[in-house]
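Okay, structure first, notes after.
The values are calculated or read from the model by the stated rules, or taken from the named source; none is laboratory data. On a predicted model such as this, the values are computed, not experimentally measured, just so you know. Every residue, glycine as well, gets a Cβ built from its backbone with ideal geometry; the counts of neighbours run over all protein chains shown. We work out accessible area using only protein heavy atoms, side chains counted, and drop any ligands, DNA or RNA first. Shrake-Rupley method; radii C 1.70, N 1.55, O 1.52, S 1.80 Å.
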Amino acid sequence: MTTVTRADIAETICTEIGLSRKDAGDMVIDEIKGELIAGRDVKISSFGSFLLKRKNARIGRNPKTGVEAEITPRTVISFRPSQNLKMAVNK
């Protein structure tokens, strides 16, 4: 199994649209990152959604020592693939 890198995506955009590799690679990632930083979910048709989930503070326990510690509130990013993407991958 191979991994598609940011450079691979930039190369494809570069050949399809004609942007420089650097601009093409930065453009897509920066747009997604900017929307997530602003607190908005990102939905890409036929691909999937990047969703922000807010988690409340809670008490956690170190499984090795049993010592309790507070886990601070935070926001996490999850990805939910579209049905089209799931079907294409499972073919």
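Consider region 37-59 and keep the residues that are out of contact with any strand residue (DSSP E or B) (no Cβ under 6 Å at 6 or more places or on another chain) and either part of a helix (DSSP H, G or I) or closer than 23 Å to Lys86 by Cα (or both). The one that is most open to solvent (accessible area, probe 1.4 Å) is Ile37. Could you grab me the full set of residues in region 47-59 that are farther than 19 Å from Ile29 by Cβ and either under 26 Å from the mean Cα position of the chain (by Cα) or of a type in the set (Lys, Arg) (or both)? Listed by number, the residues that qualify are Lys53, Arg54, Lys55, Asn56, Ala57, Arg58.
Look through Ile9, Ile17 and report the one residue that is closer than 21 Å to Asn84 by Cα, open to solvent by 70 Å² or more (accessible area, probe 1.4 Å) and not aromatic (Phe, Trp, Tyr). Outline the logic, then answer.
Working: Ile17 fails: closer than 21 Å to Asn84 by Cα.
Residue meeting the stated conditions: Ile9.
Just the residues that are farther than 23 Å from Asp41 by Cα and not small (Gly, Ala, Ser), please, taken from region 57-86.
Kept after step one, since they are farther than 23 Å from Asp41 by Cα, are these residues of region 57-86: 58-71.
Answer for region 57-86, where residues must be farther than 23 Å from Asp41 by Cα and not small (Gly, Ala, Ser): Arg58, Ile59, Arg61, Asn62, Pro63, Lys64, Thr65, Val67, Glu68, Glu70, Ile71.
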